[in-house]
1. Output yes when any residue across the stretch 781-798 is modelled with pLDDT of 90 or more and buried (at least 21 other Cβ atoms within 10 Å of the Cβ), and no when none is.
2. Taking the criterion of being at pLDDT 90 or above, open to solvent by 30 Å² or more (accessible area, probe 1.4 Å) and either more than 24 Å from Ser472 (Cβ to Cβ) or among the β-branched types (Val, Ile, Thr) (or both), would at least one residue in the stretch 837-847 satisfy it?
3. Taking the criterion of being assigned to a strand (DSSP E or B) and either in contact (Cβ under 8 Å) with a residue 40 or more places away in the chain or open to solvent by 10 Å² or more (accessible area, probe 1.4 Å) (or both), would at least one residue in the stretch 572-582 satisfy it?
4. Applying the selection to the stretch 644-663, what residues are open to solvent by 30 Å² or more (accessible area, probe 1.4 Å), of a type in the set (A, V, I, L, M) and at pLDDT below 75?
5. Can you tell me which residue among Gly764, Gly771 is closer than 24 Å to Ala811 by Cβ, open to solvent by less than 10 Å² (accessible area, probe 1.4 Å), at pLDDT below 80 and of a type outside the set (A, V, I, L, M)?
6. Search the stretch 597-615 for residues that are more than 23 Å from Met668 (Cα to Cα) and pair each with any residue that is part of a loop (DSSP other than H, G, I, E, B) and open to solvent by less than 30 Å² (accessible area, probe 1.4 Å) when their beta-carbon atoms are under 6 Å apart and the residues are at least 6 apart or on different chains.
7. Between a residue in the stretch 657-672 that is among the β-branched types (Val, Ile, Thr) and any residue that is open to solvent by 40 Å² or more (accessible area, probe 1.4 Å), which pairs come within a Cβ distance under 8 Å, given they are 6 or more apart or on different chains?
Amino acid sequence: MLRPRVLLPALLILYSSPSQVQAAEPPLALFDRALTFHENGRLDEALAAYRVAAPALEKIDPESAGTARNNACAILNDRGDFRGALVECTAAVRLRRLGKDPILLARALNNRGRSLQSLGRTEEAETSFRDALGLNRQGGDAEGEEINLANLGVAATESGRYGRALEAYREAAAVAARHAAEPWAADQIRIARINEGVVLEKLGAYEEALALYRDLLGVQGTGSTGGDLDPRLRASIAANAGVLYRNLGDPRRAIAAFTEAAKLYAQAGDRAGASNVALNLGLARHLNLNDRPGAEVDFRTALKLAQASGDQSEEIQDLFYLGRLLIEEGRLGEAEDAFSRCLKSAVASGSAEGRWSAREGLGRIAAARGDLAKARNQLDQALAEIEATRDEIGAKRLQASYFGDHRSVYETAVAIEARSALAGDGQAAGRALLLVERAKARELVDALGVSSANPESLARSKALNLAALARSGSPAEPVLEYFVAEGNLYLWRLGTADAAGSKIQLFDLGPSAPTLLAVRRVHRELAAGRSPAASDLAALSATLLGQLGELAGISRLRIAPDGELRYLPFELLPLPGTNEPLIGKVAVSYLPSAAVALALAARPASHPSRAFLGFGAPLPPAPASPPAPGVPKTTATSSSPLALLTARFSLHALPGAAREIAEVEPLMTGRPGDPDSSFLGERATEAAFRAQSNRGARVLHFATHTVLDERAGRGAAILLTPSGEDDGLLDPAEIAARPVHADLAVLSACSTALGGDFQRRGAGALSSLSGAFIAAGVSGVVASLWDVGDQATAVFMGQFYAQLARGLPPAEALAATKRRLLATPGWDRPGVWSAFILIGEAPPVVTGGSVRFLRTLGPAGPIAGWCLAALAIAGIAGAAFRSIRRPAPDDAKT
């Protein structure tokens, strides 16, 4: 993914005059020289002088010492040395607290917040920004106040709290509007609105963001801001518009916007900006239009501009993408030269991303030439770079660009090991499986952030060896692990020994494209309420289940699908050579990976005392408030994220949700309407979820809408009632951030954002909301893969909960429910009975259960209606050029 380009406004710099510095003492003279170096752009000398002068000044002039520390912090922040910057900023804050000037203290706090934010310590950063905000308000520094608000918006944007981000940006624009006569105000309003556009992009509200950008550029003829915009700002807006056009499926308009941005950067003399836009042009031609010759011209243009500007990061990206294109062209010698140059530049600049990307490319070239040992060596080094970087991300948010696809390195390595295994290397199948576990566990961790159950930590620990993986399956409950790599589909069967006694069996299932195309067709038919073609089901069965053999002695299959296979209910597939669906023989459950099965097996049981906890029928978002005076009214300034999503997906009230909870709650608790168990309407808030989740319940039930924003790559969110600072969007990161003590989560929600875009790498059906609940402590999650009607939902849930109440484990209860529906005319349509799946390893939620009455199934109604959550995330392929403005760093030379 192409790294974002960050807009920096004019720095807020206050210069000291020589008369303000007491030159009698050498430390002060050194400090004076440091200021001169700084003003003249001699930053190395300035930094060295500040660091020497500051300790000596602390006893004789704490105020100057504080300024020296603050300026050193600002330089280090700009250079990306955020740990060093934090040391200096912390010292500056300490020294400036001794003084009486709140504005100077606010600047040090703002810089400290910037360091903390860059290190991934978002909560501490926000505290620092808020403290600075209070001081600037106290001291009447409106520009400083606007900067602090915008920094708070950036922090919220980068942590995915888009509602708070919009509020902060709008408040920043309002502050600037109240000071419209100030020279800085107009640009700050524009920048705040650009930032709103970035948030709208992340929400998938592309049309709204485009309207905002057009207004800024004066495209409609009514905007008053376009003509006097700084060329760099106009260029950035045009580039952002290009990304929006690409995401809307209009690459030709995207290319026109990128071309306009390139002209503006050229007029402004910004060769680094022009290089970045040329790279975007190349990506649009390469990825969207398959115009390789045109893309190559753009990549080489970008490379020349980057070299001319001295921007080594841009140069590394340009060489990487050029090398990838040359590999596709079969020009291996030229590609090797590009990647070798990329590696040399990356080593010189210290770019870990550049090093692993270059080594991946060199590994691909070696593999194409048949030198598997050399390819493995290059890829091992690339993976070591990636994982070392990820270790750092746990404590630090890297500012380096992320380009390419991290998973692609694992795919290449897996494909090489599979080739080695098929060539007779007895150890290669196991090595490939370990790579698969690292790649798929990483996907879960990336989606959820740090959590109490970290499959990646397990996957990279000594505990996860081949013996442990083999034990994740058993003869009665084997694990089938699928992985798509380099155009091929691979399967590992774990837990059942082959003729040689190995419990890890690798199968090459052939080219992945035909299978994935069939999955798309099957899912499309099921989502539309139609029966899939028998030929597609038979073909998928032959490919995906052909290695099963006899099912005698098998009670359950645990399937770890990959990519688009997550959209497929395997239990619908007929057994090879028969018309009987798999569910007729065995229960089926799903896993993100075999490593996650090991993590779940090792997790202590929570044993919550409460039987049931339900959230449902949330209230719609409140009407939007008008924009601040002086800020133009657009969709961007009049809608919350929840309101935008509600309007975009035409989400409506859910009267059946309360009835559903009222029907299933007594099956678990023995009593209906318990306020301690059911949180409906205005009580169905994020705050209530946070308060109740730690206490937990054996079953956690959601009857609400869920949005799955494929178009924006935003991911999934459960819609609840907005309240206080909560925007009503409960997303995976918020779920995984706190313990949720439950044996089973049932997500009965609407998937109106689920579309037809099956991007393999973004299709994280089993590592989104379901993965978040598993990471937070839930043992298993029941969800659906497409929309199911109101009547069908109620019937299915009634049957399922009745089976749970008998004491059956969720996998068996789900299988029993499906078999009952399958055997009942009218309810045997695959779009009804096969929609629901179980992810995880949930134990029985009722112990010592008795046989409960299963109500008679009535006539099946229409499938259309309010619906259930399909937990899939389909991201936007290709690069995104997004300009999140990082406000002025306050490197005040005072």
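The values are calculated or read from the model by the stated rules, or taken from the named source; none is laboratory data. No experiment lies behind these values; they were computed from the predicted model shown. Cβ placement follows ideal geometry from the backbone for every residue including glycine, while neighbour counts extend to all protein chains displayed. Surface accessibility is based on the protein's heavy atoms, side chains included, excluding ligands, DNA and RNA. Shrake-Rupley method; radii C 1.70, N 1.55, O 1.52, S 1.80 Å.
1. Kept after step one, since they are modelled with pLDDT of 90 or more, are these residues of the stretch 781-798: 781-782.
Within this subset, residues satisfying the condition of being buried (at least 21 other Cβ atoms within 10 Å of the Cβ) are 781-782.
Looking through the stretch 781-798, at least one residue is modelled with pLDDT of 90 or more and buried (at least 21 other Cβ atoms within 10 Å of the Cβ).
2. No, every residue in the stretch 837-847 fails to be at pLDDT 90 or above, open to solvent by 30 Å² or more (accessible area, probe 1.4 Å) and either more than 24 Å from Ser472 (Cβ to Cβ) or among the β-branched types (Val, Ile, Thr) (or both).
3. Filtering the stretch 572-582 for residues assigned to a strand (DSSP E or B) gives 574, 581.
From what is left, the residues that are either in contact (Cβ under 8 Å) with a residue 40 or more places away in the chain or open to solvent by 10 Å² or more (accessible area, probe 1.4 Å) (or both) are 574, 581.
Within the stretch 572-582, one or more residues are assigned to a strand (DSSP E or B) and either in contact (Cβ under 8 Å) with a residue 40 or more places away in the chain or open to solvent by 10 Å² or more (accessible area, probe 1.4 Å) (or both).
4. Ala647, Ala653, listed by residue number.
5. Working: Gly771 fails: at pLDDT below 80.
Just one listed residue meets the conditions, Gly764.
6. Listed by first residue and then by second, the contacts come to Ala597/Ser472; Ala597/Leu591; Leu598/Ser472; Ala599/Ala453.
7. Note: pairs meeting the criteria are Ile661/Leu680.
To keep it simple, each residue is scored yes or no on (1) in contact with a Pro (Cβ under 9 Å, 6 or more places away or on another chain); (2) open to solvent by less than 10 Å² (accessible area, probe 1.4 Å).
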site	(1), (2)
Ser128	no, yes
Gly140	no, no
Glu145	no, no
Leu149	yes, yes
Leu152	no, no
Tyr162	yes, no
Arg170	yes, no
His179	no, no
Ala186	no, no
